[in-house]
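Here's the structure, in structure tokens; my notes come after.
The values are calculated or read from the model by the stated rules, or taken from the named source; none is laboratory data. Since this is a predicted model, take the numbers as computed values, not measurements. Here the Cβ positions follow ideal geometry from the backbone for every residue, glycine too, while neighbour counts run over all protein chains shown.
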Amino acid sequence: MSLYFENQPSSSEIRERIRGYSSWLEINLDNIGNNLRELQNHTKTTIMAVVKNNAYGHGLVPVTAYLESQGVEWCMVAKLYEALKLREAGLKLNVLCMDVLFTSEQYKSVVDKEITQAIYTQEDADKLQEAALKAGDHATVFVKVDTGLNRVGVRHSEAAEFIEYVYKLSMVDVVGIFSTFQQNPEMDKEMLAKLLAVDATLKKKGINIPIRSMSSTDATFHNPKGWLDLVRPGMSLYGVYPEKKDLSAPVDLKQALSLKARIEYVKTVERGEGVTYWGKFVAPKRMRIGTIHAGFYDGIPREMANKGRILVDGVYKSSLGSVSLNHYLVDLDGVDVEKGSVVEIISETGENTISKTAETAGWMTYSLLNHLHTNTPRVYYLNGEPVALLNPVNQ
Ligand SMILES: Cc1ncc(COP(=O)(O)O)c(C=O)c1O
């Protein structure tokens, strides 16, 4: 296991800390391991783990440390600060940084910290060459080719010439070319052909780029021709099928994340009383209601008002009223709880998974995961034991 896990508090200490938490996320690393193996067996190609945006809310450093311990050699981040955090944590795997760089310090740190930078302009190439010359160390890059997404990247018709230019720079090594599909089957065929044409033109000139990549989760599931030398799964690695159509994918994924919280207060309201802001719920009878200390601060969509399913004492109960910043209310009819009892707002399976919660809220699964607050503590489990704690506010 990686040094990161060796330096964590003991399981009993983590359990003791959780007793004081009002809301927290649990990450089942075994499930991430299962998903990694499923994707590896399915594609038989190199996996670049997409750990950007705090590993889609799962926690950047612990998740990446775990993936590295499982043999993953590449990961991708969106921000330079994420890449630097991984290096500060002592992780050695290759990190592809998708951030845009502005200052000479940024180009310098990419070179100094051996981060692979995504580039698509001559300005970037020249600045990396300059930083690498100063450092006396090579810069490594992936060139982003725009094959039709029209977001970022060197246009496919100009890509071969640009890549040849970068390839000839003495201190910049082109280790990969990559592009991103539109996720529209007809268009994706054309986009793949465009990237392969760029590669073929380069090969004719004697330029062999080691890695070609196009696939995120969608193509990893549905488009084997797009797998090439490396696939870049994000959502699937965390065990989420992004859309209903994806459930047919021949991989058995297991959701890794759950959101837990504690009952802070139990009370009875009378028939006809309004509950929460604007009286969003009106009690149809005398009711026992629990207030949970979690809310849209933690990332619970406000659209879950009166619609959430919360696992309480082994039973799914309805959320009641509006979702407050820090409070979420639940029907306690027929369940036995008190202050401090643990409930599950998002569960690994059942009526309140990430997919089902996102569907109820009318959100994308991506939005749900990427709105989980970074300050909410995260607890990591292996073989059912807590093995790491990520707690940015040190509570
Ligand atoms: C360039 C790139 N590759 C891969 C991914 C991973 O996508 P997904 O989570 O759908 O697998 C993303 C995510 O947005 C991305 O921007």
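Points to keep in mind about this one:
- Failed item, numbered, when residue 391 is tested on (1) surrounded by 15 or more Cβ atoms within 10 Å (Cβ to Cβ); (2) modelled with pLDDT of 95 or more: (2)
- Residues (within 14 Å of the ligand (Cβ to nearest atom), of a type in the set (Ser, Thr, Tyr) and over 15 Å from residue 41 (Cα atoms)) located in the range 229-259: 238, 241
- Contact map, the range 290-307: first residue closer than 19 Å to residue 333 by Cβ, second residue among the acidic types (Asp, Glu), Cβ cut-off under 6 Å, separation 6 or more or different chains; pairs are 291/264.
- When the range 150-187 is filtered for residues that are within 21 Å of residue 100 (Cβ to Cβ) and among the aromatic types (Phe, Trp, Tyr), the ones remaining, listed by number, are 162, 165, 178.
- Filtered residues of the range 1-53 (kept if under 19 Å from the mean Cα position of the chain (by Cα) and of a type in the set (Lys, Arg)): 37, 52
- Within the option set 372, 389, being in contact with a Leu (Cβ under 9 Å, 6 or more places away or on another chain) and either within 16 Å of the ligand (Cβ to nearest atom) or in a strand (DSSP E or B) (or both) holds for one residue only, 372.
- Qualifying position, being in contact (Cβ under 8 Å) with a residue 12 or more places away in the chain, touching a Lys or Arg at 6+ places or on another chain (Cβ under 8 Å) and crowded, with 22+ Cβ neighbours inside 10 Å, among 195, 259, 253: 195
- Hey, residue 237 buried (at least 22 other Cβ atoms within 10 Å of the Cβ), within 21 Å of the chain's Cα centre (by Cα) and assigned to a loop (DSSP other than H, G, I, E, B) or not: no
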